[in-house]
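What follows is calculated from the coordinates using simple rules that are stated; it is not laboratory data. Bear in mind the structure is a predicted one, so any value in this text is a computation, not a measurement. Virtual Cβ from ideal backbone geometry, glycine too; neighbours counted across all protein chains shown.
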Amino acid sequence: MIIKIVTDSTADLPAALTDELGITVVPEYLRFGDEVYRDRVDISEDEFYQRLDGPVYPKTAQPTPQDFADVYKKLSSEADGIISIHLSSKLSGTYNSAVLGKQSMGNEYPIEAVDSQTVSIALGLVVVQAAKMARSGMGIPQIVEELGQTIANVHMLILFDTLKYLAKGGRIGKAKALLGSVLSVKPILATRDGELVPSGQVRTRAKGMDHLVDFVKNAREIQELAILHNTTPDEALALAERTSAIFPKERIISARVGPALGVHSGPGVLAIALREKGHP
């Protein structure tokens, strides 16, 4: 049985990894005024971050139901079924678009849409686990059931340089409470129940990195670990060094925030996502 895994570009998975695991990525859209780009297809990360603070502030749009239907139709000739896993429905309409795309295919072909209740490389870790389960020969019902536990065991901590971009994009949610903080404070957010929530604040980047290292130290039985940055690769490398005593450096997934999420995060984001072993 061949099960194909689909996600969207907010999973921030490295292309080499999606290629290796046969994961199909549906791009989000970015709009700079009248110019429309597909995330990481028509515009690279470097190009995007160079334009982010230009005269035209970008906006994002989710893939359309037709975008998903087109992908599902193509994959249906190659596989026995599809599992489509997307960022939290509380943060975007992408999951809903996937559901509508699935419905347009009718009931003859098995497609399951899954709300990951998270975002970025935390979503990526859920998708990677789904792809590995699919490769092991598991069927759709079993994979979907296991994904419930996987989602519960994936956690992420994100160090922001500023929350102004999150506020600009209207995705601030429960983190709004931190907006009144003094400018010198660096906010730390986590994902909980599909939303971004405050998890602390630090005075300096160095203290923020300490916080991320402690997050790894306090995790239980780490199965997968990913380090995410968007404009500070040196910090990401330093973080990988510091956590290598806890989790093998060669197994860490190194990821970068893509344009679609970069609109909301702004530059200077540093994050760690990990998947803990499930416990009964």
Folded to 0 to 90 degrees: helix 65-76 orientation relative to the chain principal axis, Cα: 60 degrees
14 Å beta-carbon shell around M156, net charge (K/R +1, D/E -1): -3
Count, lysine Cα pairs under 13 Å in region 154-276, 8 or more residues apart or across chains: 4
Which labelled figure in (i) 52, 47, 37; (ii) 58, 36, 33; (iii) 56, 49, 31 is Cα extents along the principal axes in Å, once derived from the coordinates: (iii)
Cα-based helix-to-principal-axis angle, 140-153 vs the chain, degrees rounded to 10: 10 degrees
Residue-averaged [θ]222 nm for the chain, counting only DSSP H segments that reach four residues, each worth -39500 (n - 2.57): -11000 deg cm²/dmol
Whole-number Å³ per residue for the convex hull built on Cα positions in region 3-152: 108 Å³
Burial order of peptide ranges 57-66, 153-162 (average beta-carbon count within 10 Å, highest first): 153-162, 57-66
Principal-axis tilt of helix 120-135 within the chain, Cα atoms, nearest 10 degrees: 30 degrees
Backbone HN-Hα couplings from phi across region 36-43 [Karplus 6.51/-1.76/1.60, Hz, Gly and Pro as x]: 10, 10, 8, 3, 6, 9, 9, 9
